[in-house]
Amino acid sequence: MPIIKNSATYGIHKVIMKNSFVIIAHGTAIKEYNGVVGNSQNSQMAMIEAINLTKKYEGVTAVDHVSFQIAEGETLGLIGTSGCGKTTTLKMLNRLLEPSSGRILVQGKDIRKDKPERLRQGIGYVIQNGGLFPHYTVAENIAVVPRLLKWKEKRISGSTDKLLEMVGLPPSEFSQRYPQELSGGQQQRVGLARALAADPPIVLLDEPFGALDQITRGQIQQEFKQLESLLKKTMVLVTHDVFEAVTLCDRICLMNQGRIEQIGTPKELIFQPHNDFVRDFFSSNLFQLELHVTCLGDLIPWLENLSPREGCATLFKVKENLLSILQHKNMGQNGIGIGDRHGHRILTTNCENLLSAFYQYKKSILN
Amino acid sequence: MSFWEFFTSNIREIFDQTLQHIGLTVISLAIAVTVGVLVGVVLTRYPRFSTQVIGTVGVIQTIPSVALLGFLLPLLGIGVTPAIIALFLYALLPIVRNTYTGIEEVDGSIKEAAKGMGMPDLQVLFKVELPLAIPVIFAGIRTAAVTTVGVATLSALIASGGLGEFIFRGIALNNVNMMLAGAIPAAILALLFDFLLGILQKQVQRFLKPILIGAAIIVTVSVSWWLGPQIFNNSFIAGFPSEFMGRADGYPGLQSHYNLSLDSVQLNPALMYDALKEKKVDVISGYSTDGRIKAYDLAVLEDDLHFFPPYYPAPLIRGEVLKEYPELEGVLGKLGGKISDETMTQLNYQVDYLNKPTIEVVKEFLTELGLETSIERTGGSDIVIGSKGFTEQYLLAEMLGVVIENYTNLDVDLKTGLGGTKIAFNALVQGEIDMYPEYTGTGLFVILRAPEEVQKAIIQDKEEVFAYVKEQFKELYDLEWLEPFGFNNTYAMMMRREDTEKLNIRSISDLKAYLSQ
Ligand SMILES: Nc1ncnc2c1ncn2[C@@H]1O[C@H](COP(=O)(O)OP(=O)(O)OP(=O)(O)O)[C@@H](O)[C@H]1O
Ligand SMILES: [Mg+2]
């Protein structure tokens, strides 16, 4: 039985939020199934399932009875302090490391049943420090897995160019360069393109934006989020940047000394921490994080429609988060317009009203 | 003769030796690259053993080359095979070490990326690890190549040819042109190998596999090519030191004097007795009083046509000293003619192989002769006796000392172990020593460098040689030759005793008769 610290006291949670259910069973969240109530664990098979993973090095238990499931198309963030076992956990997923005990299922199949090479060719891997081959050009780096899969050269060069376009590196300029001739950020884009080259259903990313400055990082994160080819992928993203996790991940698994402290949606971890460790982990940026995980749509019940002065207010979408709205340069002067998916204005409000609605919303979920 | 003249007149031989040298180097290097890279790669897969293995390979490199050749001799004999194996062993360390560290030093995240993308282990090796380690591996190969070209000169000591033949013959004969004719091409070869490998290195990333396969093919072809004849070759082989091969009073003279023709190979004097004992060669030109004759049960062939010049040792003493202590002549005369070839061999044997102290062997022998030995040296120095640096000379010097101490009132000091003829002789002329045992032949050929007509006229007769050197030394250097000890330590042809008995060969003429059957 995968026992996660403190999970016993919580038992089964059923947190009702607008239009969505999250079921946390024994500390293991299954998935946010939009609009579908009571979808059980058995009826939908997880893409990746880790069962009781433990990895011991001499004297050190790097990963200690870790279990989780990741649904297809979902992004799971692994976060935690340095040395807490994130990389170790990730590497067990593509068998770069073998667990001391426990099992991993991918699409329901134990990964030890097949050759590790076969498994890895179907899993994109973005490595912590880039790991580009210095003796290969950018194009050759990206072509590694397709070549292993014996694609035709024509198909390879076509897809290489497309991937380079996608990560914002024009092929005509970059494909024949060597990694040393790229900036750190460009290298990481190539690393990402390489991991996606064979269009694997699963992608593992170990601090893919680690070596970047704040601005570039934010920029790439945004691009990353919008990459169409990533939308359907099942991803595991290791990071120690909480904002990155909150921005890019559907669910977050917070680890400490090899164990899972809490696993759930960003909102759950921030508004409903299971224990002091989780609370402390987010405490230094708590307010910003709370704003980050709250979207306009959450606040609608508490918002007043203030201003009829249509046309002047900046229009924001319901799923936009509060932090980005409050940081927006046109914010405030003419009020905040809220539009639905199709851009039809639902209501118009202002900054003060927005914040008071936020506090009421927060109170409602804390109770 | 200028170097250039020597060079042009010997161009054929230099060319041949250079080719042999290249052959030795390339083959042993190819084997070393194949094995070394393989071992290095395997070690990266089992790093637990790396320290021990690299340590062991490193120890091989510290073995002096002559000693290593000595170890290999009983196993592999002489000729090209042991030379290649020795060269291979010396070349191994830098290649193994650099392959191992080169691969180990490839950035861990790059290796992990390769594995993580699903490359099978062999592809990780060939596509990522080896290409990235190439600069380091090649640095190792280049080091190995340069060392191999150098060490390959030593393989001339075990009859495998190469430029070392000229170098060592040149050293033995004190012929600078000959030395240079070996050394200069060897140096050029070393630079050339380094240069070519540098070029290859730039291309190797593209041609890694063909190069490795090429090395492996060279290895297999050459190994079978060299080993084949070695195994099936059972003709009668002579092993001669380079000095003997080159000197007029060595093999060339012997050949014409006896009209004898032998399949001969060049061997280090230190190794040739062992080569004979181990049946790697069948006849050698040794020294007639060497202790190993007894130790290895060898037989000296009689020089029935008197080809070898006489090398009769006698005390060589400064004229002034003899004038001051004329009694010395009579006293040392007690040893005159008392030591036969067999006796001297026996004495050398006791020191070299039974490890008895020199002084003990000397006293035992003198007692047998009925001479007094009770007075010990006290450390005064009325007379300083010198010797060259080998066993026989130590024994003779000690013997002279004991006799002088016991039969005169003079005190004796010993200054033994003087490097060679030149050093001992200079020490005597300059008065640092008063006497040392010298050989008549050496006096004639090396010190006096007597004109060729004179040499030819007297060489067959030991009495005439003695008379000639005695007169000349007196006149030129004021040195006196006293009465010789009686034995003749000259070149001698020798074979295994069992062979001489089986084949009924007693003399060099018998050998010639046997060979012309
Ligand atoms: N090969 C190893 N041998 C021994 N201990 C190891 C080994 N690899 C990792 N560890 C230990 O296991 C623990 C977890 O390491 P891991 O690399 O998974 O940390 P991480 O969470 O990825 O940290 P970071 O954020 O710094 O990358 C650490 O305490 C580390 O020291
Ligand atoms: Mg890590």
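Bear in mind these aren't lab numbers, they're just calculated from the coordinates by the rules spelled out. Only a predicted model underlies this, so the values are computations on that prediction, with no experimental measurement involved. Cβ placement follows ideal geometry from the backbone for every residue including glycine, while neighbour counts extend to all protein chains displayed.
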For every other residue with a beta carbon closer than 10 angstrom to the beta carbon of B:Ile447, add +1 if it is Lys or Arg and -1 if Asp or Glu, then tell me the sum.
+1
Check each of the GluC sites (Glu not before Pro) in the range B:76-183 and keep only those in coil by DSSP with at most 14 other C-beta atoms within 10 angstrom; list them in order.
B:Glu105
Taking 25 Å as R0, compute the FRET efficiency from the Cβ-Cβ separation of B:Glu501 and B:Ser235 and round it to 0.05.
0.75
At 222 nm, what helix-only mean residue ellipticity would chain B give, in deg cm²/dmol to the nearest 500, using -39500 (n - 2.57) for each DSSP H run of four or more?
-19500 deg cm²/dmol
What is the list of residues in the range B:424-462 whose amide nitrogen lies under 12 Å from a point 7 angstrom out from the Cα of B:Asp478, following Cα to Cβ?
B:429-431
Counting other beta carbons within 10 Å of each residue's own, what order do B:His257, A:His344, A:His292, A:His274 fall into, fewest first?
A:His344, B:His257, A:His292, A:His274
Going by amide H atoms built from the backbone, whose H comes under 5 Å of the H on A:Thr75, apart from near neighbours?
A:Met235, A:Asp250, A:Arg251
Percent antiparallel among DSSP beta bridges with both residues in the protein assembly as shown, to the nearest 5?
60
A:Glu58/A:Gln107 FRET efficiency (R0 25 Å; Cβ-Cβ; nearest 0.05)
0.15
Interchain or sequence-distant (5+) residues whose placed amide H lies within less than 5 Å of the amide H of A:Gly124 are A:Ile202, A:Val203, A:Leu204
One-quarter of the Cα convex hull surface for the range B:71-122, in nm²?
5.2
Report the dimensions of the protein assembly as shown along its three principal axes from the alpha-carbon atoms, largest first, rounded to Å.
143, 60, 52
Near A:Lys56, which lysines are there with a Cα under 18 Å away, not counting those fewer than 8 places off in the same chain?
A:Lys86, A:Lys91
Taking loop as defined by DSSP and a crowding limit of 12 other beta carbons within 10 Å, which trypsin sites (Lys or Arg not before Pro) in the range A:151-243 fit?
A:Lys152, A:Lys232
Can you give me the distance in nm between label points at A:Val318 and B:Thr56, each placed 7 Å from the Cα along the Cα-to-Cβ direction?
7.5
DSSP-defined antiparallel bridges as percent of all bridges, the range B:313-489, nearest 5:
55
Which listed pairs, of B:Lys280/B:Lys415; A:Lys233/A:Lys363; B:Lys363/B:Lys456; A:Lys109/B:Lys209; B:Lys280/B:Lys363; A:Lys162/A:Lys225, have C-alpha distances above 28 Å, in listed order
B:Lys280/B:Lys415; A:Lys233/A:Lys363; B:Lys363/B:Lys456; A:Lys109/B:Lys209; B:Lys280/B:Lys363
To make sure I understand, if each residue's beta carbon is the centre and we count other beta carbons within 10 Å, what order do B:Phe15, B:Phe168 fall in, fewest to most?
B:Phe15, B:Phe168
Please list, in order along the range A:86-100, the HN-Hα scalar couplings obtained from phi with the Karplus expression 6.51 cos²θ - 1.76 cosθ + 1.60 (θ = phi - 60°), rounded to whole Hz, x for Gly and Pro.
5, 4, 4, 4, 4, 5, 6, 5, 10, 6, 5, 10, 9, x, 5
Would you mind calculating the gained length between B:Gln201 and B:Val66 on full extension (0.36 nm times residue separation, minus the Cα-Cα distance), in nm to one decimal?
45.3 nm
Using θ = phi - 60° and the Karplus form 6.51 cos²θ - 1.76 cosθ + 1.60, what ³J(HN,Hα) does each residue of the range B:289-294 get, whole Hz, x for Gly and Pro?
10, 5, x, 5, 4, 6
Compute the convex hull volume of the Cα atoms of the range B:374-517, divide it by the residue count, and report the result per residue in Å³ as a whole number.
157
5 Å is the cut-off here: which amide hydrogens, built 1.01 Å from N in the peptide plane, fall below it relative to B:Leu414, excluding neighbours closer than 5 in sequence?
B:Ile385
Label-point separation (nm) for B:Lys279 and B:Glu368, each offset 7 Å from Cα along Cα-to-Cβ?
3.3
Restricting to Cα pairs under 8 Å and 6 or more apart, the percent relative contact order of chain B works out to 16
Using the basic label-point model (7 angstrom from Cα toward the beta carbon), what is the A:Lys115 to A:Glu98 distance in nanometres?
1.7
Applied in sequence order to the range A:274-283, the curve 6.51 cos²θ - 1.76 cosθ + 1.60 (Karplus, θ = phi - 60°) yields integer Hz couplings, x standing for Gly and Pro, of 6, 7, 5, 4, 5, 4, 4, 4, 9, 4
Filter the GluC sites (Glu not before Pro) in the range A:63-162 to those in DSSP coil with at most 16 other Cβ atoms within 10 Å of their Cβ, and list the result.
A:Glu72
Spin-label proximity, B:Arg48 to the range A:45-78 - amide N less than 20 Å from point 7 Å beyond Cα toward beta carbon:
A:56-60
Would you mind checking the radius of gyration and Dmax of the range B:147-192 based on alpha-carbon positions, in Å?
9.8, 29
